[in-house]
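What follows is a short report on a single structure.
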Amino acid sequence: MAVSLAMTPAPQQFERPMKKFDCITAMKALGEENRLRIIRKLLEKQCSVSELAGALDITPYNASKHLRVLREAALIEQEKNGQQRLYALAAPFTNHLAEPQTILNLGCCQFDFSKLPP
């Protein structure tokens with residue numbers, strides 16, 4: 001007796017559409033000192049919540065809250081690495097960085113992350 005197996009397509013991976021960079025949303029998100037400090041740290045390398053919290057001397061809870069605001073503004077993106085989530089600058093955001101990659105040029109204004117207080 002021949003058994004017929006029906007082929008089912010593999011489940012598709014759904015990717016979130018990349019949010020478009022918006023100047024006003026970016027300015028609102030960058031309107032808090034700790035978020036500016038997070039961006040400055042992410043200019044150096046991708047980091048986990050605990051790395052950012054330790055480097056900025058804030059609680060992991062507060063770091064997570066700030067990261068959520070930055071992620072919703074399409075300034076950063078997260079990558080899952082096991083149970084850990086690593087955060088990095090989003091491509092639409094980095095497209096607005098001017099040399100030496102520490103100056104965010106929004107056209108109407110500029111942020112120089114190297115001139116922020118520690």
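Approximating the spin labels as points 7 Å out from Cα along Cα→Cβ, the Gln84-to-Asp112 distance works out to 3.4 nm. Each of Tyr61, Tyr87 was scored by other Cβ atoms within 10 Å of its Cβ. Arranged with the fewest first, they read Tyr61, Tyr87. With K and R counted +1 and D and E -1, the other residues having a Cβ less than 15 Å from that of Thr102 yield a net charge of +2. Placing a label point 7 Å from the Cα of Leu97 along the Cα-to-Cβ direction, the residues of region 41-59 whose backbone N falls under 16 Å from that point are 41-48.
I want the local charge near Leu36. Using Cβ-Cβ distances under 12 Å, sum +1 for each Lys or Arg and -1 for each Asp or Glu among the other residues.
Charge balance in the 12 Å sphere: +2.
About the centre of its Cα atoms, region 23-115 shows a dipole size close to 200 debye [charges on the beta carbon of Lys, Arg (+1) and Asp, Glu (-1) only; nearest 20 debye].
Read-outs throughout are calculated quantities, based only on the coordinates presented, and are distinct from any laboratory measurement. Since the model is a prediction, treat every value here as computed from it, not as a measurement. We place every Cβ from the backbone using ideal geometry, glycine too, and count neighbours over all the protein chains shown.
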